[in-house]
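Q: First, the structure itself, so that you have it in front of you.
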Amino acid sequence: MGRRTKLVIPGTLPGLNEYINAERRNKYLAAKLKNQSEHVVMSYARRQLHGVHFDGPVTMTYTWYEPSRRRDKDNVSSYGRKVIQDALVKAGVLLGDGWKHIEGFRDRFAVDKEHPRIEVELEEAGDGKAICER
């Protein structure tokens, strides 16, 4: 494996259940929720990653620090991964979020009542030419 970088997103993102409920009420409400979530992720990515981008495939490790065990793990991670990957593409960190650009990912979960957050580690996969800095 190659070089890596880490993004920390303070707090939590909405879960899949919240997104589904928004979509059932109004498709525009769901789009607004996703757009707001992506904006949060993009702002942290721009501040923390300072122009780092990956040209090739990456593996991603998500560590979800929830304030409690109240939300199901799949509720937390499924919508969160989608939002984070889409936001990293829009922020220019990743070229895409398809099979060609994401080799794989894994999820880890923990509880931190005082400092909930999401830590996203991106690591280049393959030949070591995946990351460059602008």
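The values are calculated or read from the model by the stated rules, or taken from the named source; none is laboratory data. Since we're looking at a predicted model, the values are computed, not measured. Here Cβ is always computed from backbone atoms with ideal geometry, including for glycine, and neighbour counts include all displayed protein chains. The protein model used for the area step is the full one, side chains on, heavy atoms only, and it has no ligands, DNA or RNA in it. Shrake-Rupley method; radii C 1.70, N 1.55, O 1.52, S 1.80 Å.
Q: Points 7 angstrom from Cα along the Cβ direction at GLN48 and ARG25: gap in nanometres?
A: Taking the two extended label points, one gets 2.9 nm.
Q: Quick one: ranking LYS113, LYS73 by accessible area, 1.4 Å probe, largest first, what do you get?
A: Numbers: LYS113 160, LYS73 125 Å².
Final ranking, largest accessible area leading: LYS113, LYS73.
Q: Where in the chain are the DSSP H helices whose C-alpha atoms run 15 Å or more along the long axis and whose mean Kyte hydropathy is at least -1.0?
A: 27-49, 73-90
Q: Collect residues whose amide H, placed 1.01 Å from N in the peptide plane, falls under 5 Å from the amide H of PHE105; neighbours closer than 5 in sequence don't count.
A: MET60
Q: Averaged per residue, what accessible area in Å² does segment 1-106 show with a 1.4 Å probe, protein chains only? Intermediate values should be presented prior to the final figure.
A: Working: 6130 Å² over 106 residues.
It amounts to 58 Å² per residue over segment 1-106.
Q: For segment 34-102, which chymotrypsin sites (Phe, Trp or Tyr not before Pro) pass both filters: DSSP loop (anything but H, G, I, E, B) and at most 16 other C-beta atoms within 10 Å? List each step's numbers first, then the result.
A: Values: sites: TYR44, PHE54, TYR62, TRP64, TYR65, TYR79, TRP99; in loops: TRP99.
Here the chymotrypsin sites (Phe, Trp or Tyr not before Pro) that fit, given the DSSP loop and packing criteria, are TRP99.
Q: Shifting gears a bit: Could you sort SER77, SER68 by their accessible area in this structure, using a 1.4 Å probe and putting the largest first?
A: Numbers: SER77 10, SER68 50 Å².
Ranked list, largest accessible area first: SER68, SER77.
Q: Another question, then. How much of the accessible area of the chain, probe 1.4 Å, is carbon plus sulfur, in whole percent? Can you show the working numbers first?
A: Numbers: 3850 of 7860 Å².
C and S fraction of accessible area: 49 percent.
Q: For the chain, what does the helix formula give at 222 nm: sum of -39500 (n - 2.57) over DSSP H segments with n ≥ 4, over the residue count, nearest 500 deg cm²/dmol?
A: On the way: 3 runs with 51 residues, N = 134.
One gets -13000 deg cm²/dmol as the mean residue ellipticity at 222 nm.
Q: Check ARG3: other-chain or 5+ apart residues with amide H under 5 Å from its amide H, H built from backbone geometry?
A: So ARG3 has HN proximity to GLU124.
Q: Rounded, prolate or oblate: which fits segment 21-89 when a ≥ b ≥ c are the square roots of the eigenvalues of the alpha-carbon gyration tensor, with rounded for a/c under 1.5 and prolate only if a/b beats b/c?
A: Working: a/c = 2.03, a/b = 1.36, b/c = 1.49.
Oblate is the answer for segment 21-89, as a/c is 1.5 or above yet b/c matches or exceeds a/b.
Q: Oh, and also: Pop out the ³J(HN,Hα) list for segment 100-110 in order, Karplus 6.51 cos²θ - 1.76 cosθ + 1.60 with θ = phi - 60°, rounded to Hz; leave Gly and Pro as x.
A: For segment 100-110, the Karplus-derived couplings read 5, 10, 10, 6, x, 8, 9, 10, 10, 9, 8 Hz, x marking Gly and Pro.
Q: Compute, for HIS39, the solvent-accessible surface of its heavy atoms (probe 1.4 Å) with the complete set of protein chains present, and express it in square angstrom to the nearest 10.
A: Accessible area, nearest 10 Å²: 110 Å².
Q: Provide the percentage of antiparallel DSSP beta bridges, counting only those with both residues in the chain; round to the nearest 5. Don't skip to the end; give the middle numbers.
A: On the way: 18 of 28 bridges.
Looking only at bridges with both residues in the chain, the antiparallel portion is about 65 percent.
Q: In a shell of Cβ-Cβ distance under 14 Å around HIS39, excluding HIS39 itself, what net charge do Lys and Arg (+1) and Asp and Glu (-1) give? Provide the component values of the computation, followed by the final result.
A: Working: positive: LYS32, LYS34, ARG46, ARG47, LYS90; negative: GLU38, ASP86.
Overall, the nearby charge balance is +3.
Q: Now for a different question. Report Rg (one decimal) and Dmax (nearest whole number) for the chain, counting Cα atoms only, units Å.
A: Cα only, the chain: 14.8, 46 Å (Rg, Dmax).
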